[in-house]
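For reference, the structure is listed below as structure tokens.
The values are calculated or read from the model by the stated rules, or taken from the named source; none is laboratory data. Every value quoted in this text rests on a predicted model; they were computed, and no experiment measured them. Note: ideal-geometry Cβ built from the backbone for every residue, glycine included; neighbour counts use all protein chains shown. Note: accessible area is taken over every heavy atom of the protein model, side chains too, but ligands, DNA and RNA are not part of it. Shrake-Rupley method; radii C 1.70, N 1.55, O 1.52, S 1.80 Å.
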Amino acid sequence: MWWIIVVGLIGLFVVFAFRRSPQFAIGLVVPIAYVAPAWLILPLFSGPADSIYGSGIDIKVAVGSACLVLYCFLPGRTFPVRIVPCDVAVVFLIFIHIVSDTLNDGLAWMVLGRAYAEWYLPYIAGRLAIQSREDAERIWKHLAMISVLLGALAILEAVADINVFESCFGERPLEGTPRNAARWNMQRAYGPCMHPIYLGVLELFLLAWTGLATLRALRRRAAWPWAFSMVPSVLGIVATGSRGPIFGAVISGVVLFFFLVRRARVIMACSLGVMLLVGIVNRETIVRQLEKWSGESELRHSNIEVADETLAHSGTRNRINIVEVYKIALKRSGLIGFGTLAVSGFPINVPVGPREAETIKRTRFVDNEFILMTLRFGYLGLAAFAIAGLLAAAQVLRIADKSTDQLPTQLSSCVGATLAGSLLALLTVWMPPDIGFPLLWTFGLSSGLLVAQLEGQLSARIPTTVWAKNKSKR
């Protein structure tokens, strides 16, 4: 099945490249690939599928690599080589990855392959996806349809307990979450991913395109049914039963308003500061409400031992306690961390105190990508990753502010909004390939859009027929 999907998507890329353009082909086929079942992998290793580097080559990496190679030889391909800030941050992150893994685990070809597949490949694929206003016009409807379809399938799974991906491509391994996981009296949907929260974050990335479709329809730049395209996307996120992506979607809506309404930015920033302060002061009340919302308050809390403290533990509190659990390891991670092998597969293998070592076995997952990134690549890796995310958001904000055309403004605003929501959602989950690939693709998309804006390729152009008519009059 792996080979059938990979060959089929590569064939689709070739067809689109010759019928439309290489840019359209790579911009559409790669996102289709990253919603393929995550458990379909060409085996290379003995590691678990639900880990940082998986157990082999998944469909995203295989299709993305083939598309990049083919793109280089197709007529009409273009290479936007202008350097923008996020490019530098991602290159630095790749450098830190190679240095950390080499010093911690030894020099091996897999280090380079892993860095390529995890960072470079999705970033460059996203950077090539939209290089002009015409590319954006051609592709947004197709990506919105992917989001609508994925959301509809998630709703079907939550309501009828039918996972279409497992029905068509075989059951996923149980390394993620049990198949009977439920919340709010419904089945938690996980779709093509290994865990419901991964599907929620994936849908959060795709929400940018249904958001764009809705804005286009409301401005009468698209057919009226597109005005309702966000409904299945948002309900698909709710169908996962994952609170992080749901809050991320809410944050995305707030950030979208921030991007589009400049006059409200100061008021929104001040309001956000007040809300953050109130949240810190009332942290325990908020945690209890979240536990009650997810049904955890009905369960008996367990306790975990950290240093000389005994802390109440639950799924919600794990996101807070994790800092205390890994405090010693975070201090020892230094500039370059403990490398990929130390944090691949849970519980991770990092130096902590004796009580924390027992606690890690019980808490298992590091449900915070920024903490896991620090343990993996140290303070330099965390800085490179965080700066890349902030720069990607800042780049699309610049486009939204500088553009005088509706489409680039709306597109960059929607991408920036969902990027902000997704980065905040990573405070509640680590970053497997299900999430990492679309995140880096979005980083690359931000850089590609900025290059196009700097080169004047995102501005509206006068149609050729109109230009010729005006020229004949002169």
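Summed over the range 182-213, residues that are surrounded by fewer than 22 Cβ atoms within 10 Å (Cβ to Cβ) and in a helix (DSSP H, G or I) total 0. For the range 416-430, filtered to residues that are open to solvent by 10 Å² or more (accessible area, probe 1.4 Å) and among the hydrophobic types (A, V, I, L, M, F, W, C), the residue that is nearest to Val323 (Cα to Cα) is Leu427. Taking the criterion of being closer than 30 Å to Val396 by Cβ and modelled with pLDDT of 80 or more, would at least one residue in the range 275-290 satisfy it? Yes, some residue in the range 275-290 is closer than 30 Å to Val396 by Cβ and modelled with pLDDT of 80 or more.
For the range 371-407, the set of residues classified as open to solvent by 10 Å² or more (accessible area, probe 1.4 Å) and either aromatic (Phe, Trp, Tyr) or in contact with a His (Cβ under 8 Å, 6 or more places away or on another chain) (or both) consists of Tyr379 only.
Once the range 99-132 is narrowed to residues that are open to solvent by 50 Å² or more (accessible area, probe 1.4 Å) and not acidic (Asp, Glu), the residue that is nearest to Phe24 (Cα to Cα) is Tyr120. Scanning the range 61-99 for residues that are assigned to a helix (DSSP H, G or I), out of contact with any helix residue (DSSP H, G or I) (no Cβ under 7 Å at 6 or more places or on another chain) and under 15 Å from Ala392 (Cα atoms) yields a total of 2.
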